[in-house]
Amino acid sequence: MANVEAAFRNIHQDLIDGCKNGDQKAQFQIYKLYYKAMFNTSLRIVSDTMEAEDIMQEAFLSAFEKIDTYSGTVSFGAWLKKIVINRSLDAVSRQKAIFEDIDTHYELQEESDNGIDDQELEEKMHEVKKAINNLPDGYRIILSLYLLEGYDHDEIAEILNISSSTSRSQLSRAKQKLLNELRNGREK
């Protein structure tokens, strides 16, 4: 049984080795082999075709950048699927966090019974953008990288040359500061 598993895991080893050497043809072949399954995996999680497409593309880019970390202890497909699932879950939790924060601030659940017209929504979006722009640079950058650009804390840590835990705590503070800015803006 172990020989069957090993053969399955390494069925595309030549392509994986090519990817490790930066061979774009091998990367394209791997992409062709796995893109439908990875897209469907993401789509089941995010329930949005465009978002799933973006996540799948980012996951492949990430996989090719980090392919040296693939140890071969699981199949390449399983390793890639884990990346897709994690990115999909991150996207869902980012969207949920954004809407929960905004819903909490504006109490949209109560207003949804009455409906929100486009002008009111536009005004609220402008208010949020203005509040983000009023944040100190560090908070604004962390918030933008995480919520708007979709980077995870490890990527932000690498970009900003800080630790992942610093990124997490800065994001938490940035969200709190943003909510305070929104509250203060509403009281004026």
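Values in this text are rule-based calculations from the coordinates and carry no lab data. Fair warning: this is a prediction, and the values are worked out from it, not measured in the lab. With ideal geometry, Cβ positions are generated from the backbone for all residues, glycine too; neighbour counts draw on all protein chains shown.
In a fully extended conformation the segment linking T69 and S47 would gain 5.0 nm over its present Cα-Cα distance, using 0.36 nm per residue. Between N86 and K20, the FRET efficiency from the beta-carbon distance, with R0 = 22 Å, is close to 0.55.
Put in order of Cβ neighbour count within 10 Å, fewest first, the listed residues R140, R44 become R44, R140. Amide H to amide H, with H built 1.01 Å from N, H12 comes under 5 Å of no residue 5 or more places away or on another chain. Each other residue within a Cβ distance under 13 Å of N161 adds +1 if Lys or Arg and -1 if Asp or Glu, for a net charge of -3.
In terms of other Cβ atoms within 10 Å, T41, T73 run from fewest to most in the order T73, T41. Other residues within the sphere of radius under 12 Å centred on the Cβ of N40, judged by their own Cβ, net out at +2 (K and R +1, D and E -1). Taking every C-alpha pair closer than 8 Å and separated by at least 6 residues, the mean separation divided by the residue count of the stretch 2-89 gives a relative contact order of 35 percent.
When only the Cβ of Lys, Arg, Asp and Glu is charged (+1, +1, -1, -1), the dipole of the stretch 117-187 relative to its Cα centre reaches about 420 debye.
FRET efficiency for F28 and E127, Cβ-Cβ distance as r, R0 = 45 Å, nearest 0.05? After rounding to 0.05, the efficiency reads 0.50.
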